[in-house]
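Just below is one structure, and these are the notes that go with it.
Just so it is clear, none of the values below were taken in a lab; they were calculated from the coordinates. Just so it is clear, the structure is predicted and the values come from calculations on it, not from any experiment. Cβ: placed from backbone, ideal geometry, glycine included. Neighbour counts: every protein chain shown.
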């Protein structure tokens, strides 16, 4: 199952606004078919999604879907550059309960 | 619970060796107290751990523990620079089953 680590850098004066936009739209993404994990995290000046999708088709549908469209409209002008997307393949090892994002 | 995204860049001729080292040591990390998630992923020329720890103390113990010590001894000379570590805080939203790495 494809995994994505997506990093967004908010403009310095837009951190709270960006957080609010992301949090508001997450439930809609969770409704998307094949969404196994769409989890938001934060570090100073940085938001990081860790995502997992049932397959490439579900991931592609997400990328072209209405929720992402709304997200990027709302984020317009609020990020310091485009999101950094790292597309990953799981390498399962050790205890499955600890070694995989989702079984 | 603290989350880490750790990215390692193997030297071009060390990809298989690095993968083997990481996979071999993951079970030992899974035994460490407070390990909630220690999951390996791969993209061309890149290994990415997504980790979650019960608390800062468990994360710190991991960082100073024997497994990591063995890992970095074995990785010596095989990486293209030091690992990139991003320390994150979860921002739970939406369906908890989909919006958090671990409940």
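The table for this structure:
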| read-out | value |
| --- | --- |
| Structure-based [θ]222 nm, chain A - -39500 (n - 2.57) summed over DSSP H runs of at least 4, per residue, nearest 500 | -11000 deg cm²/dmol |
| Cα gyration tensor category, rounded, prolate or oblate, for segment B:1-53 with a/c compared to 1.5 | oblate |
| Model label zone, residue A:43; criterion: amide N under 19 Å from point 7 Å along Cα-to-beta-carbon; scope segment B:67-90 | B:80-90 |
| For chain A: rounded, prolate or oblate by the Cα gyration tensor [a/c cutoff 1.5] | prolate |
| Approximate spin-label separation residue A:89-residue A:13, in nm, with each point projected 7 Å along Cα-to-Cβ | 4.6 |
| Protection proxy ranking of A:85-97, A:65-77, A:25-37 - average other beta-carbon atoms within 10 Å, highest first | A:25-37, A:85-97, A:65-77 |
| Relative contact order, percent, chain B [alpha-carbon distance under 8 Å, six or more residues apart] | 42 |
| Bins of 10 Å from zero: percent of alpha-carbon pairs in the protein assembly as shown | 8, 35, 36, 18, 3 |
| Separation between Cα centres of segment B:6-56 and segment A:1-49, rounded to whole Å | 23 |
